[in-house]
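This report concerns only the one structure given below.
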Amino acid sequence: MDLRIMGLDSPLFSTLQHMLDAADDSEKSAHAPTRTYVRDAKAMAATPADVKEYPNAYVFIVDMPGLKSGDIKVQVEDDNVLVISGERKREEEKEGAKYVRMERRIGKFMRKFVLPENANTDKISAVCQDGVLAVTVEKLPPPEPKKPKTIEVKIA
């Protein structure tokens with residue numbers, strides 16, 4: 001709100017105007033996403049994945065062309081969040097060669113998946129074959145139905 005429009009040009013009102021503007025600016029920056037959040041969001045958006053459910057397991061499939069197993073990290077956070085991350089590095093340039101076009105994505109990548117309650121986080125395997133990573137999370141066996149408890153009736 002500009003107080004000068006209403007004919008209030010005094011130094012007191014201009015100081016008050018400056019304070020109001022500063023408060024607006026600090027409120028905007030307090031709600032701005034952090035640099036880490038923006039970097040992670042870009043890394044997640046650039047890593048597409050497929051998720052399949054089988055009767056005894058969940059399989060997460062992610063394309064990882066040109067990556068070695070040491071470049072890929074598979075972790076479980078907070079007991080129920082599967083994290084697939086890593087980094088695709090730029091190839092070392094050979095002497096005399098220069099890029100004419102560079103379209104393949106380089107840099108960090110990451111995907112997070114909240115696992116269902118029946119996922120067995122102790123039985124996770126990961127295999128990367130022909131540039132495709134398949135992470136298999138086995139399911140826990142279904143709980144056995146509770147049997148009714150029989151209480152003996154005593155005669156008093």
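Points worth noting:
- Residue within region 82-94 that is at pLDDT below 75, touching a Gly at 6+ places or on another chain (Cβ under 8 Å) and either assigned to a strand (DSSP E or B) or surrounded by 14 or more Cβ atoms within 10 Å (Cβ to Cβ) (or both) present: no
- Where ARG105 falls short, out of the listed (1) under 19 Å from ASP50 (Cβ atoms); (2) modelled with pLDDT of 80 or more: (2)
- Odd one out for LEU67 among (1) in a loop (DSSP other than H, G, I, E, B); (2) loosely packed, with under 13 Cβ neighbours inside 10 Å; (3) not charged (D, E, K, R): (2)
- Pick from region 95-129, criterion polar (S, T, N, Q) and surrounded by 10 or more Cβ atoms within 10 Å (Cβ to Cβ), ranking: farthest from PRO142 (Cα to Cα): SER125
The values are calculated or read from the model by the stated rules, or taken from the named source; none is laboratory data. Being a predicted model, the structure only gives us computed values, none of them experimental. Backbone-built Cβ (ideal geometry, glycine too); neighbour counts: all protein chains shown.
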